[in-house]
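In what follows, a single structure is set out as structure tokens and then discussed.
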Amino acid sequence: MQIRGTRAAMDKIFIRALKAEAIIGIYDWERQVKQTVLVDIEISADVRKAALSDSIDDTLNYKRVAKRVLAFIESSGCRLVETLSEQIAMLILAEFEVAAVRVELSKPGAVRNSKDVGVILERKREDLAEWRRLNAEK
């Protein structure tokens, strides 16, 4: 079925508080023990076709996204939450071919007397080529 008209993808598919254990941090002790990270993911997608068909084949399978992101985090070993967040965003853009993604990653307990700290970033499909180019130059 063809949906008439064009519009920017305004719909969002989200995953909230995805919890993973990862080696992450800059201090020696952080490189020895897994720590909890929480991830909120918001993906821009046009869900009209799926809404009409009621078929998983016409939408983004968020269970597949969550499983892939969890596996990636648990094997990542990044030092910075910024690096891990960027890599998650690029993974989603590349593997699930979506238009845009917002990633909020927090590391509870990282700063004394705070609930958590983290980073929020938004990336678009066109950011993927530049990211790949920069990584190739490293």
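Annotations for the structure displayed:
- Check: segment 12-137 dipole with +1 on Lys, Arg Cβ and -1 on Asp, Glu Cβ, in debye: 300
- Taking amide hydrogens as placed 1.01 Å from N in the peptide plane, the amide H of Ile24 sits under 5 Å from those of Gln35, each at least 5 positions away in sequence or on another chain.
- Applying 1/(1 + (r/R0)^6) with R0 = 30 Å to the Cβ-Cβ distance of Asp57 and Glu82 gives a FRET efficiency near 0.30.
- When segment 12-137 is reduced to its Cα atoms, the Kirkwood hydrodynamic radius in Å: 15.4
- Potential lengthening of the chain between Lys34 and Lys49 amounts to 1.3 nm, from the contour at 0.36 nm per residue minus the alpha-carbon distance.
- Value of [θ]222 nm, deg cm²/dmol, for the chain, DSSP H segments ≥ 4, -39500 (n - 2.57) each, nearest 500: -11500 deg cm²/dmol
- DSSP-assigned coil residues among trypsin sites (Lys or Arg not before Pro) in segment 92-125, each with at most 12 further Cβ atoms within 10 Å: Arg112, Lys115
Here, each number is a calculation from the coordinates, and none is a lab measurement. These numbers come from a predicted model, not from an experiment. When we count neighbours, we look across all protein chains shown, and the Cβ atoms used for this are built from the backbone with ideal geometry, even at glycine.
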